[in-house]
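Here is the structure we will look at, set down as structure tokens.
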Amino acid sequence: MQNKPKVFIIAGEVSGDVLGSRIMAQMPDVEFAGIGGENMTAAGLRSLFPMADLSVMGVIEVLAHARTLTRRIKETVDQIIRIRPDIVLTIDSPGFARSVIARLRKIPAGRELIGNGLKFHHVVAPQVWAWRAGRAKKYARTFDKLYAFFDFEVPYFTKYGLDTVAVGHPIADAIIGQYGNPKKNSSDEKLITFIPGSRMSEVRRLMPLMRDVAEIIGRSGYRGYKFAIPTVETTADYVAAQTAKWDVPVELVPSSERYQLYSRTYVAVAASGTVSAELAMMHVPAIIVYKMNPVTTWLVRQVIKIRWVSLVNILLNKGVYPEFLGPSARSECVMDAFGQLIIPSVRDKMTAALRSADKLWRRDGNGAAALIAAGVRAAIKNS
């Protein structure tokens, strides 16, 4: 009997774990090994080590975890050599992915695998149109195929010879699959949803701000507001311990139920990142906040080439979601924006803008996971 094809799959954060599980579901005849979280585990993966070890962002934060990351890179390389997969499929976490591939290319056993046809596929194009355009050339030297989300990203990489295909945003697949076409949020419940992120470093920085906002609303003249937070496995215990100290009650909801939560949400206060795209696709009025280590903040400001960080703002080239980043991520700024978002005309204007972006999120035909799985299958067949 012919052996199953083997794919070594790596996801380093929650959004990649969700997409990884959907890709795995598209390939039931493939043997998977690698690194993932609760979603990929539910799909049958035995993670080499906890995905949380890769959920590190920011210059200072990465340096602080350098020893752990170095050990995990070596363990991953050793496992790839032992398993001898046909494809290494990495989802986001580009620093870790490139480090693993670079180490494989340096050692004899790794070079042997590559010489025998091992291919490297990567999901999520870096935002070279925003900063560090030179990364496109580095990706072309590192990976054999890149799955980008948007058509406008493709030429940045194909000009360097990297096989690149746009597959649409995978979050849109999940939302459309669960809710049909995105609809205007019509909840009459005055639910404020705080979304502090999935990495412990960002959660620690944003929880005090979100507590301040909740308690200001709770003791002000605003009436009838409730509060909720979706939690992920990597930070759930910390979030529960912190919210137990808040002066207002908070509903904690598992990440797997976050779309139901967003459909009830009146206003979201969310960390910059993937969640802002989820909220935009569901037409949820939101305020985007983010805090980083001051050194990381300064470095980012030196190289960033775009005005906004929220993807919907970038795609539409206008400030649909208000953003408060770094020093401006203060409760008074968030409360000013909140005061605007409870005005019906302001809410209507925002949701109309969010609806106008619907056509940009998803490609016609198959969803992102199916298109990625097809690309992996084709590479295995042709190897």
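Cα-based values for region 332-381, radius of gyration first and Dmax second, are 19.6, 57 Å. Counted by Cβ distance under 11 Å from Glu215, the other residues give a net charge of +1, where Lys and Arg count +1 and Asp and Glu count -1. Taking Cβ atoms as reference points and 15 Å as the exclusive limit, the residues near Pro5 contribute a net charge of +3, counting Lys and Arg as +1 and Asp and Glu as -1. Each of Glu202, Glu112, Glu38 was scored by other Cβ atoms within 10 Å of its Cβ. Listed from fewest to most, they are Glu112, Glu38, Glu202. The modelled label-to-label distance between Glu332 and Arg132, using points 7 Å beyond Cα along the C-beta direction, is 3.5 nm.
Under the classification rounded if a/c is under 1.5, otherwise prolate if a/b is larger than b/c and oblate if not, where does region 28-142 fall, given a ≥ b ≥ c as square roots of the Cα gyration tensor eigenvalues?
Note, shape of region 28-142 comes out rounded.
When the Cα atoms of the chain are aligned to their principal axes, the ranges along those axes come out at 68, 43, 43 Å in descending order.
Computed from Cα positions, the angle between helix 200-219 and the longest principal axis of the chain comes to roughly 20 degrees. Counting only alpha carbon atoms, the long axis of helix 170-179 and the longest principal axis of the chain meet at about 60°. Cross-linked pairs Lys138/Lys359; Lys226/Lys318; Lys74/Lys291; Lys245/Lys291; Lys106/Lys138: Cα-Cα separations exceed 26 Å for Lys138/Lys359; Lys226/Lys318; Lys74/Lys291. Classification of region 179-361 by its C-alpha gyration tensor yields a rounded form. The axis ratio a/c (a ≥ b ≥ c) stays under 1.5. Enter the angle in degrees (range 0 to 90, nearest 10) between the Cα long axis of helix 294-303 and the first principal axis of the Cα atoms of the chain, meaning the one along which they spread out most. On a 0 to 90 degree scale, this one is about 70. Each Lys and Arg contributes +1 and each Asp and Glu -1, all at the Cβ; summed about the Cα centre of the chain, the dipole is approximately 1160 debye.
We did not get these values from a lab; they are worked out from the coordinates using the rules stated. No experiment lies behind these values; they were computed from the predicted model shown. Every residue, glycine as well, gets a Cβ built from its backbone with ideal geometry; the counts of neighbours run over all protein chains shown.
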